[in-house]
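J.: Take a look at this one; I'll ask things after.
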2 protein chains.
Amino acid sequence: MSAELLNGREIAKDYRAGLQEQVEALKEKGITPNLTVVIVGNDGASLSYVKSKNKAAEKIGMASDIVHLEESATEEEVLDTVRRLNEDENVHGILVQVPLPKQVDENKVLEAIAPEKDVDGFSPINIGRLYTGQETFIPCTPLGIMELLKHTGSLEGKDVAVIGRSHIVGQPVAKLLTNENATVTLMHSRTKNMVEKLKDFDVVVSAVGKPGLVKGEDLKEGAIVIDVGNTVVDGKLVGDVDFDSAQEVASYITPVPGGVGPLTITMVLNNALIAAKRANNIE
Amino acid sequence: MSAELLNGREIAKDYRAGLQEQVEALKEKGITPNLTVVIVGNDGASLSYVKSKNKAAEKIGMASDIVHLEESATEEEVLDTVRRLNEDENVHGILVQVPLPKQVDENKVLEAIAPEKDVDGFSPINIGRLYTGQETFIPCTPLGIMELLKHTGSLEGKDVAVIGRSHIVGQPVAKLLTNENATVTLMHSRTKNMVEKLKDFDVVVSAVGKPGLVKGEDLKEGAIVIDVGNTVVDGKLVGDVDFDSAQEVASYITPVPGGVGPLTITMVLNNALIAAKRANNIE
């Protein structure tokens, strides 16, 4: 068999069209959703990522500002910026681009973001609310993965292997999958016979950053494969999955690039829109 | 084979002796660790549980107070009590006994406890810190389970089935096991062929409340079995595991009662001691 492609670009495009309509509806009520991104320093990859978020927000009609602090900014300066944005009524969503320079404690900064504006969902209080089933912001990559999986049918009772235990992707996506009544096995570098185990799983989500980790021969016939890996090899972005062999066996598969990536930024916008609605008590 | 018993009462007794020494050392410095328990209403089981915590704390030399509010207490009264205890320098650990009467929002109350006094580890910010690897309080039952498992050797690379996905036991113990480099599968009521799957696991932690759920014939030879179930049947406390058949197959097994239970209260005391130390900047 040859797998159906989960085309992240197309799915994201449709999703963003829906967001744009909602942004327009809010604007008619006099509310312009605003996503503000804080970046500290001049790391090229971070700057380009911040700009792409900014552009994506503006493209669907949101306001989006960038607060750019010097590489030498003190922790107190970063915290002051966050506090000022917390209090600014016109700002609905705050993103602090990580990593931060070493003189700034990342955990302290993330914890300082007002929970109702923490659209990345990285502040401990929002993570805790996720695990206790309360209203929160769900981190964007896991949310994007779940959106892709909606195109593959119900997850109820499915056996899912999540490879990679980061608190950005692996852990929260395991939680979201469990919420959908999937049975999740969280695998990682110390997992015994990992590759041999994969044959037992209906869905494999790989978020490691190790090209060629998952091959077609290791998958169950008809498995759904979500590739969150993104590693630059010879100037090209590649995932964890050997696409050519995997697509022969899988029922659905994401490409890299153009799979999970476009959904991540889409979910940043989604969360910023939710923040703007909640701030104005709009359902 | 016949399994070795993980005798929670004995392990707890040794552990509490260690705590008692540390409490005495603190008292010599003029610090008396204080655990204060808030109970609302007159539920018999809750009252008896609160009293047993109180007694256990005093037995190892801690101070322990009970704040008892009427069943009719308003949410604001409960929140005021918590805020007062947050500010009381003599109080190091605060426990709010759940469930609370229906007019009081449990999440709101748990979120109001100062994170540095939240010795149950149930406030969202502490849960979030657990998932992001920061200093926190780890919920007491999961912590007790990990203490029992220390008596069975390294968990690295072990395949563990955790049955039950509550945020009190299943989820956090899955996280702690993952931290120890075990590979965890989180099972629940919607898991497909759950019983048949158990044969693949080196460790089974059952936290469901369904007597007879796990039988010896379903276990892998030499499995480690932790029974967190506690259900009253004909006036007797029983776990999820059919003890007689399971102990024929397992290498280690906890009894019910006398397994996990005694460790849970021990870990409440452990966390209260940690809170007193942190409040006084003592390692």
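J.: Within the range B:172-198, which residues are within 13 Å of B:Gly133 (Cα to Cα) and over 19 Å from the mean Cα position of the chain (by Cα)?
T.: Matches in the range B:172-198: none.
J.: Follow-up. What are the pairs, 6+ residues apart or on separate chains, where a residue within the range B:107-119 that is touching a residue at least 12 places away in the same chain (Cβ under 8 Å) has its Cβ under 6 Å from a residue that is in a helix (DSSP H, G or I) and open to solvent by 20 Å² or more (accessible area, probe 1.4 Å)?
T.: That search, which allows pairs on different chains as well, returns B:Ala114/B:Asn86; B:Pro115/B:Ile125.
J.: Out of the residues in the range B:151-178 meeting the condition of being open to solvent by 20 Å² or more (accessible area, probe 1.4 Å) and either acidic (Asp, Glu) or free of Cβ contacts under 8 Å to residues at least 40 places away in the same chain (or both), tell me which one is farthest from the other protein chains (Cβ to nearest Cβ).
T.: B:Gly153
J.: Any idea which of (1) in contact with an Asp or Glu (Cβ under 6 Å, 6 or more places away or on another chain); (2) open to solvent by 40 Å² or more (accessible area, probe 1.4 Å) is the one B:Gly212 doesn't satisfy?
T.: The failed condition is (2).
J.: Could I ask something else about it? Kindly list the number of the only condition in (1) within 14 Å of chain A (Cβ to nearest Cβ); (2) touching a helix residue (DSSP H, G or I) at 6+ places or on another chain (Cβ under 8 Å); (3) touching a residue at least 40 places away in the same chain (Cβ under 8 Å) that fails for B:Glu196.
T.: With (1) within 14 Å of chain A (Cβ to nearest Cβ); (2) touching a helix residue (DSSP H, G or I) at 6+ places or on another chain (Cβ under 8 Å); (3) touching a residue at least 40 places away in the same chain (Cβ under 8 Å) applied to B:Glu196, the lone miss is (3).
J.: Filter the range B:246-275 down to the residues that are open to solvent by less than 20 Å² (accessible area, probe 1.4 Å) and farther than 15 Å from B:Asp120 by Cβ and list them by number.
T.: Hits for the range B:246-275 are B:Ala246, B:Ala250, B:Ile253, B:Thr254, B:Gly258, B:Gly259, B:Val260.
J.: Need at least 2 residues that are modelled with pLDDT of 95 or more, more than 23 Å from the chain's Cα centre (by Cα) and surrounded by fewer than 19 Cβ atoms within 10 Å (Cβ to Cβ) per element, so show me which helices (runs of 4 or more DSSP H) inside the range A:1-109 make the cut, counting only ones lying wholly within it. Reasoning before the result, please.
T.: Values: elements: A:8-28, A:44-59, A:75-87.
In the range A:1-109, the matching helices (runs of 4 or more DSSP H) lie at A:8-28, A:75-87.
J.: Here is a check on your reading of the model: is A:Ser245 more than 25 Å from B:Val162 (Cα to Cα) and among the hydroxyl-bearing types (Ser, Thr, Tyr)? I'd like the intermediate steps shown before the answer.
T.: Details: more than 25 Å from B:Val162 (Cα to Cα): yes; among the hydroxyl-bearing types (Ser, Thr, Tyr): yes.
So A:Ser245 fits the description; yes.
J.: Output the number of the condition that A:Val104 fails; it satisfies all remaining conditions of (1) outside the structural domain of A:Ala73 (by TED's automatic domain parsing); (2) over 28 Å from B:Asn181 (Cβ atoms); (3) touching a residue at least 60 places away in the same chain (Cβ under 8 Å).
T.: (1)
J.: Next up: In the range B:229-245, is there at least one residue being of a type outside the set (S, T, N, Q), more than 23 Å from B:Gly258 (Cβ to Cβ) and open to solvent by less than 10 Å² (accessible area, probe 1.4 Å)?
T.: No, that holds for no residue.
J.: So, one more: Would you pick out the residues in the range B:112-134 that are in a helix (DSSP H, G or I), open to solvent by 10 Å² or more (accessible area, probe 1.4 Å) and touching a Leu at 6+ places or on another chain (Cβ under 8 Å)?
T.: Listed by number, the residues that qualify are B:Ala112, B:Lys117.
The values are calculated or read from the model by the stated rules, or taken from the named source; none is laboratory data. Every value quoted in this text rests on a predicted model; they were computed, and no experiment measured them. Heads up, the Cβs are rebuilt from the backbone with ideal geometry, glycines too, and the neighbour counts pull from every protein chain shown. Side chains included, ligands, DNA and RNA excluded: accessible areas come from the protein's heavy atoms. Shrake-Rupley method; radii C 1.70, N 1.55, O 1.52, S 1.80 Å.
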